[in-house]
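Presented below is the structure to which this report refers.
The values are calculated or read from the model by the stated rules, or taken from the named source; none is laboratory data. In this text, all values refer to a predicted model and were calculated from it rather than measured experimentally. Heavy atoms of the whole protein, side chains included, go into the accessibility calculation; ligands, DNA and RNA do not. Shrake-Rupley method; radii C 1.70, N 1.55, O 1.52, S 1.80 Å.
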Amino acid sequence: MVAGAVAFSLPDVFRATATVMIEPSKNKVVNIDEVYGGISQSKEYYQTQVEILKSREVALNAIKALKLWEVPEFDPRKAQDSWSYKLKQALGMAKPMPEWTPDTLAEKTVPAFQDALIVEPVRLSQLVKVSFESQDATLASRAANAVANTFINNDREARFKLTQQASDWLQERVSGLRQKLEASERALQAYRDSQGLVNL
């Protein structure tokens, strides 16, 4: 009866799940090493992306997108109202609370967020299930989608930066080659003029 009473007194917890497909970018040129080592590289890439999904950066960006600290369940400021914190404060053992700003609130919300987040790779596939547990069913759904969207946006941004860096490097390289070509042409013309040669 006691166990039943405790079970009925616990709040309902809802779990929402979003499914993400992780697909490595395809190279236009394939070398022989990639042909023989493609499976291993693909597996390592998949595992790396799963760890990124679990990362603090993804969690932090999702928290900021949701403003999760405004939800009482995840509000880090409620800790200072607990009896244990007040007791520690009375005994001079409590750590001072930080100045609450959106950044500090998001930082302090990360541990509770990661406790509620479940990232499960689907065996023998490129799929990953991203689940989130909350007392609010709508929030659980929004959080699972926020993590998936944050991961996708971060991946897209990283690829764009890589492309941009490659483009900038190529432009610098072309500019350097053009300058060398112009210098060579000037040196050739100077030699022609000094030798009295005529370019036919």
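Quick notes on this structure:
- Solvent-accessible surface of protein heavy atoms, probed at 1.4 angstrom with all chains present, puts Val71, Val147 in the order Val71, Val147, largest first.
- Accessible-area value, Arg178, 1.4 Å probe, nucleic acids and ligands omitted, Å²: 130
- Lys43 contributes about 130 Å² of solvent-accessible surface, heavy atoms of the protein only, 1.4 Å probe.
- Relative frequency of Cα-Cα separations exceeding 17 Å in region 111-175, percent: 59
- Solvent-accessible area of region 96-200 (1.4 angstrom probe, protein heavy atoms only): carbon and sulfur portion equals 54 percent.
- Counting only protein heavy atoms and using a 1.4 Å probe, the accessible area of Thr19 comes to about 80 Å².
- Of the cross-linked pairs Lys108/Lys161; Lys129/Lys161; Lys54/Lys129; Lys78/Lys129, those separated by over 22 Å at the C-alpha level are Lys108/Lys161; Lys129/Lys161; Lys78/Lys129.
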